[in-house]
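**Q** Sharing a structure below in structure tokens format, with a few things to ask.
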């Protein structure tokens, strides 16, 4: 029974991540796109989908994972998100340098690109925060608050960015994925940083 | 005065590095009497100067509009408008997505082309007036819906 629940939970996570990618792969708008543009788009979708795994791993919600394993996966998935964002922005630059530079320099006519840029720099800052963790000498509690604050910015900016874009993602699968990412992030942070500590204090 | 795209971007960057520049959303027909149309932000992106005159750029979609003279509002015939957009044929840099048309005696132009598809998150076209007689203008009209099959873009040109 326990095993069935675990398999079900992992299957749901895999489905939530893979279904939006599969639906986007059927988009009619892919027809006129260069391979580099297609790869850039899918790297963005993959990075968004991986955001769902992060709070679940951080809070230990995924069954059958030892906390040490979950921590290791959390770090690897974080690397995956950084890679996804890098390929996304790099591929968009190769596809249309002026449009991408306009976005990066905050002079783009598209209202959603500013959220993408906020997400990009928040992901980069998160990577620096992780890389410099031992050297910075921050107290663990403070480090976690900074990490979580950046994570909230990454999640909200990515969701707004994705929802405003008219791209290859299916409307419903995109909305559902975004709702799941927001819910998982909110629940994990409330649980780990607010409800958990309060219960411990009593 | 011709504003080169790179110059314009550099200028905006200089001005907007820290503060967010307000969006340059300009109604196609300004309220005051035939005020010149302003270049839209991002309008010149992926511009290829001197696109060849074409009969069409495919079928199924119509780009159209009117070209008037600033101040007087008189129609400008025989004026070259350059058009490009992302379509199923390829992206905005695909040569077969670039073409020019001339306005008719009443200042109107029209170009049948392949369906415009969303590019960089928005379904939009690009148009340029970039010849000697008037000031250069780049437009980037956005479609209300990606399933629209027409797009209107009007120019009011000021003497160079």
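None of the figures in this text is laboratory data; all of them are computed from the coordinates on show. None of these values were measured; they are calculated from a predicted model. As a convention, Cβ positions derive from the backbone with ideal geometry for all residues, glycine included, and neighbour counts pool all protein chains shown.
**Q** Using Cβ contacts closer than 10 Å as the measure, can you line up A:72, A:202, A:135, B:135 from fewest to most?
**A** The fewest-first ordering by Cβ neighbours comes to A:202, A:135, A:72, B:135.
**Q** Right, another one. So what is the orientation-averaged projected area of segment B:108-157, using the convex hull of its C-alpha atoms, in nm²?
**A** The directionally averaged projection comes out at 4.0 nm².
**Q** Any idea what angle helix A:67-95 forms with the longest principal axis of chain A, computed on alpha-carbon atoms, 0 to 90 degrees, nearest 10?
**A** So the helix axis and the longest Cα principal axis differ by about 10 degrees.
**Q** Diagonalise the Cα gyration tensor of the protein assembly as shown and give the resulting equivalent ellipsoid semi-axes, square root of 5 times each eigenvalue, largest first, whole Å.
**A** So the equivalent ellipsoid measures 48, 22, 16 Å along its semi-axes.
**Q** Here's something else I'd like to know. Can you put A:192, A:13 in order, fewest other beta carbons within 10 Å first?
**A** Starting with the residue having the fewest Cβ neighbours, the order is A:192, A:13.
**Q** Given labels modelled 7 Å from the Cα in the Cβ direction, how far is it in nm from residue A:175 to residue A:83?
**A** Between residue A:175 and residue A:83, the label points sit 3.3 nm apart.
**Q** Residues of segment A:145-177 with amide nitrogen under 14 Å from the 7 Å Cα-to-Cβ point of residue A:61?
**A** A:177
**Q** Report the FRET efficiency, 1/(1 + (r/R0)^6), for residue A:3 and residue A:68, where r is their Cβ-Cβ distance and R0 is 25 Å, rounded to 0.05.
**A** 0.75
**Q** Based on alpha-carbon atoms only, what is the radius of gyration of segment A:1-135 relative to the globular estimate 2.2 N^0.38 Å?
**A** Here the answer is 1.21, to two decimals.
**Q** Okay, moving on. Springs between alpha-carbon atoms under 10 Å, Gaussian network over chain A: tell me which of A:24, A:11, A:184 tops the mean-square fluctuations.
**A** A:11
**Q** Find the centroid of the Cα atoms in segment A:86-153 and in segment B:75-102, then give the distance between the two in whole Å.
**A** The distance from the Cα centre of segment A:86-153 to that of segment B:75-102 comes to 36 Å.
**Q** Is any residue of segment A:176-202 close enough, with backbone N under 16 Å, to a label point placed 7 angstrom from the Cα of residue A:144 along the Cα-Cβ axis, and if so, which?
**A** Only A:186-202 pass the distance filter.
**Q** A follow-up question, please. Suppose R0 equals 41 Å. What FRET efficiency, 1/(1 + (r/R0)^6) with r the Cβ-Cβ distance, do residue B:50 and residue A:186 give to the nearest 0.05?
**A** 0.15
**Q** Report, in degrees rounded to the nearest 10, the 0 to 90 angle that the Cα long axis of helix A:140-164 makes with the longest principal axis of chain A.
**A** With rounding to tens, the tilt is 30 degrees.
**Q** Give the average, rounded to an integer, of partner chain Cβ atoms located within 10 angstrom of each Cβ in A:26-35.
**A** Partner-chain Cβ atoms within 10 Å, mean over residues of A:26-35: 4.
**Q** Let me ask something else about it. Once fully extended, how much extra length lies between residue A:25 and residue A:130, figured as 0.36 nm per residue of separation less the alpha-carbon to alpha-carbon distance?
**A** 34.5 nm
**Q** Taking Cα atoms, how many degrees apart are the long axis of helix A:113-131 and the longest axis of chain A, rounded to 10 and kept between 0 and 90?
**A** Approximately 40 degrees, to the nearest ten.
**Q** Right, next: Neighbour counts of other C-beta atoms within 10 Å: give me A:173, B:96, A:122 arranged from fewest to most.
**A** Fewest-to-most Cβ neighbours within 10 Å comes out as B:96, A:173, A:122.
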